[in-house]
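**Q** My questions will all concern the structure given below.
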Amino acid sequence: AQTVTQSQPEMSVQEAETVTLSCTYDTSENNYYLFWYKQPPSRQMILVIRQEAYKQQNATENRFSVNFQKAAKSFSLKISDSQLGDTAMYFCAFYGGSQGNLIFGKGTKLSVKP
Amino acid sequence: GAVVSQHPSWVICKSGTSVKIECRSLDFQATTMFWYRQFPKQSLMLMATSNEGSKATYEQGVEKDKFLINHASLTLSTLTVTSAHPEDSSFYICSAAIRRGSMNTEAFFGQGTRLTVV
């Protein structure tokens, strides 16, 4: 079975500092996609960043970057220069092979403190 | 990115009535849509997979007669909560998948619907 594990239920960071959220997954698939979604208090799910497993280069989107370690099945999210608006729940998610639906981790609640 | 519109964003209904929630992909065709339920401070729980032109596939433990899903077109899926009870009160979210070849490669989410049954 495919699983996604986020081992940090809550984290906090000072504004302007850097924080890393952890995610590990388990799959026997070779081709898959990994995502980080942000869910602010409005509860809208917002795509933060996406990584295709066959690409070795880590994805980056402005202040957000990932450290994708395929062999270790690790997919951490780094947020640089944290802003108050980054306060939200962050979910790691996985799409793989014949699995049609996204598989989510339990989420990490991130608080950015002024 | 692609836009998925979910309506209504919130609804209050009386116990025993039915409520319909719509999920539309506005600028792309979605052969597959997914319906999730989210309890407070928890992750998204997949309820069912909605396939255009065919019956939905329900996850274990989800009552298909209570949560009716219809995917009549490539841009619209609906979830009807029938004979709603207070325990059905929750946040419901839909998502539409982008498919390339044999794989879903991206998902876009609706705004969610907060259902309160009184």
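Readers should treat all values here as calculations from the given coordinates under stated rules, not as data from a laboratory. Just so it is clear, the structure is predicted and the values come from calculations on it, not from any experiment. No Cβ is skipped: glycine too gets one built from the backbone with ideal geometry, and neighbour counts run over all protein chains shown.
**Q** How about the stretch B:29-102: which trypsin sites (Lys or Arg not before Pro) there lie in a loop by DSSP and see at most 16 other Cβ atoms within 10 Å? Please list the in-between numbers first.
**A** Numbers: sites: B:Arg37, B:Lys41, B:Lys55, B:Lys64, B:Lys66, B:Arg99, B:Arg100; in loops: B:Lys41, B:Lys55, B:Lys64, B:Lys66.
Here the sparse-neighbourhood loop sites are B:Lys41, B:Lys55, B:Lys64, B:Lys66.
**Q** Give, in whole angstrom and from largest to smallest, the semi-axes √(5λ) of the equivalent ellipsoid of the stretch A:17-71, with λ running over the eigenvalues of the Cα gyration tensor.
**A** So the three semi-axes of the stretch A:17-71 are 21, 14, 11 Å.
**Q** Separate question: With the alpha-carbon atoms as the only input, what is the per residue convex hull volume for the protein assembly as shown in Å³?
**A** On the way: hull volume 28.5 nm³, N = 232.
Taking the convex hull of the Cα positions in the protein assembly as shown, it is 123 Å³ per residue.
**Q** Take every Cα-Cα pair in chain B and report what % of them are more than 25 Å apart.
**A** On the way: 1155 of 6903 pairs.
Here the tail beyond 25 Å accounts for 17 percent of pairs.
**Q** Which of the residue pairs A:Lys70/B:Lys64; A:Lys70/B:Lys66; A:Lys106/B:Lys66 have a Cα-Cα distance greater than 30 Å in the structure shown?
**A** Long pairs (Cα-Cα over 30 Å): A:Lys70/B:Lys64; A:Lys70/B:Lys66.
**Q** Shifting gears a bit: Taking the Cα-to-Cβ direction at B:His85 and at A:Asn31 and moving 7 Å from each Cα, how far apart do the two end points lie in nm?
**A** Here the modelled spin labels are 4.5 nm apart.
**Q** Same structure again: Using a Förster distance of 41 Å, how high is the FRET efficiency between A:Ser80 and B:Arg100, based on the Cβ-Cβ distance and rounded to 0.05?
**A** Computed FRET efficiency for A:Ser80 and B:Arg100 comes out at 0.85.
**Q** If we count other beta carbons within 10 Å of each Cβ, what is the order of B:Met47, A:Met11, A:Met45, fewest first?
**A** Lowest count first: A:Met11, B:Met47, A:Met45.
**Q** When only C-alpha pairs under 8 Å and at least 6 residues apart count, what is the relative contact order of chain A, in percent?
**A** With pairs under 8 Å counted, the relative contact order is 38 percent.
**Q** Once you charge only the Cβ atoms, +1 for Lys and Arg and -1 for Asp and Glu, what is the size of the charge dipole of the protein assembly as shown about its Cα centre, to the nearest 20 debye?
**A** 100 debye
**Q** Turning to a different aspect of this structure: Can you list the residues, at least 5 places off or on another chain, whose amide H is less than 5 Å from the amide H of B:Thr31, using H built in the peptide plane?
**A** When sequence neighbours closer than 5 places are left aside, there are no close amide H contacts.
**Q** List every residue whose amide H lies under 5 Å from the amide H of B:Thr105, counting only residues 5 or more places away in sequence or on a different chain, with H placed 1.01 Å from N in the peptide plane.
**A** Residues meeting the criterion, in which the H sits 1.01 Å from N, are B:Ile98, B:Arg99, B:Arg100.
**Q** While we're here: Taking H as built 1.01 Å from N, whose amide H comes closer than 5 Å to the amide H of A:Tyr32, not counting residues under 5 places away?
**A** Those lying under 5 Å, H to H, from A:Tyr32 are A:Ala53, A:Tyr54.
**Q** Just to confirm my understanding: which cysteines in chain B have no other cysteine beta carbon less than 4.7 Å from their beta carbon?
**A** Unpaired cysteines in chain B: B:Cys13.
**Q** Normalised by the number of residues in the stretch B:16-62, what is the relative contact order in percent for Cα pairs under 8 Å and 6+ residues apart?
**A** Working: 45 pairs, mean separation 12.4, N = 47.
Worked out over the stretch B:16-62, it gives 26 percent.
**Q** From zero outward in steps of 5 Å, how is the percent of C-alpha pairs of chain A spread across the bins?
**A** Once binned at 5 Å, the Cα pair distances of chain A give 2, 12, 24, 25, 19, 10, 5, 2, 0.
**Q** Identify all lysines with a Cα-Cα distance to A:Lys73 below 16 Å; exclude those on the same chain that are fewer than 8 residues away in sequence.
**A** Answer for A:Lys73, where 16 Å is the Cα cut-off: A:Lys55, listed by chain and number.
**Q** Oh, and also: Suppose R0 equals 25 Å; then what is the FRET efficiency for A:Thr60 and B:Trp10 from their Cβ-Cβ distance, rounded to the nearest 0.05? Can you show the working numbers first?
**A** Details: r = 36 Å, r/R0 = 1.44.
Efficiency at R0 = 25 Å is approximately 0.10.
**Q** Evaluate the relative contact order of chain B (contact order divided by residue number), counting alpha-carbon pairs under 8 angstrom at least 6 apart; express in whole percent.
**A** This gives 36 percent for chain B.
**Q** A further question follows. Can you sort A:Leu47, B:Leu46 by how many other beta carbons sit within 10 Å, fewest first?
**A** Going from least to most buried by this count: A:Leu47, B:Leu46.
**Q** Within a 10 angstrom radius of the beta carbon, how do A:Lys73, B:Lys20 rank from fewest other beta carbons to most?
**A** Details: A:Lys73 17, B:Lys20 14.
Sorted ascending by nearby Cβ count, the order is B:Lys20, A:Lys73.
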